[in-house]
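K.L.:
Once you've had a glance at the structure underneath, I'll fire off some questions.
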Amino acid sequence: MADWFAWFPAWAWVAAALGVLAVAVWVVRVRRPRESSVVTLVRRRRELMAQLQQLAGEETAELMRHESRRLRAGPNTIAVLEAALDRAERLTASGELGPNKTRKA
C-alpha cells in the first residue's frame, strides 16, 4: 500500500501541499464578511450627520426635530438625516441658512 507513496517525487508533494494551502487561504478570505450591515448603517449615519453639521451648524438639531416629526420616525434614522440634509441644502441654496443667518422667532 505504501508503494505508490514513494512513486511521487518530493517536489510534487510540496506543490500539492502549496496548492491545498492556497485553496484554504482563498476559501477563508472569500467566506470572511467584508462589512456587516450594521457597520454600513453606522458609517452612513455618521457621514450624513457630519454633512448636516457642516451645512446647518447650530440649526442641525432643529432641522432633525422638524424632519423627525414630519416623517414620524426616530430622530437618528437614516431617512430623517437624509431629509434634514436635503432641507439644509435647499435652505443654504436659497440663502435662508448659512453661517451669518439667524432665525427669527
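The values are calculated or read from the model by the stated rules, or taken from the named source; none is laboratory data. Just so it is clear, the structure is predicted and the values come from calculations on it, not from any experiment. Heads up, the Cβs are rebuilt from the backbone with ideal geometry, glycines too, and the neighbour counts pull from every protein chain shown. Please note that ligands, DNA and RNA were not included when accessible areas were found on the heavy atoms of the full protein model with its side chains. Shrake-Rupley method; radii C 1.70, N 1.55, O 1.52, S 1.80 Å.
K.L.:
Quick check: is even one residue across segment 27-42 modelled with pLDDT under 90, over 30 Å from THR77 (Cβ atoms) and surrounded by 10 or more Cβ atoms within 10 Å (Cβ to Cβ)?
P.N.:
Yes, because at least one residue in segment 27-42 is modelled with pLDDT under 90, over 30 Å from THR77 (Cβ atoms) and surrounded by 10 or more Cβ atoms within 10 Å (Cβ to Cβ).
K.L.:
Moving to a separate point now. Looking at the structure I just gave you, is ARG29 under 26 Å from the mean Cα position of the chain (by Cα) and free of Cβ contacts under 8 Å to residues at least 24 places away in the same chain?
P.N.:
yes
K.L.:
How many residues, within segment 33-57, are of a type outside the set (Val, Ile, Thr) and farther than 15 Å from ARG87 by Cβ?
P.N.:
The total comes to 12.
K.L.:
For segment 72-105, give me each residue that is over 17 Å from LEU41 (Cβ atoms), at pLDDT 90 or above and either open to solvent by 70 Å² or more (accessible area, probe 1.4 Å) or not hydrophobic (A, V, I, L, M, F, W, C) (or both).
P.N.:
Listed by number, the residues that qualify are ARG72, ASP86, ARG87, GLU89, ARG90.
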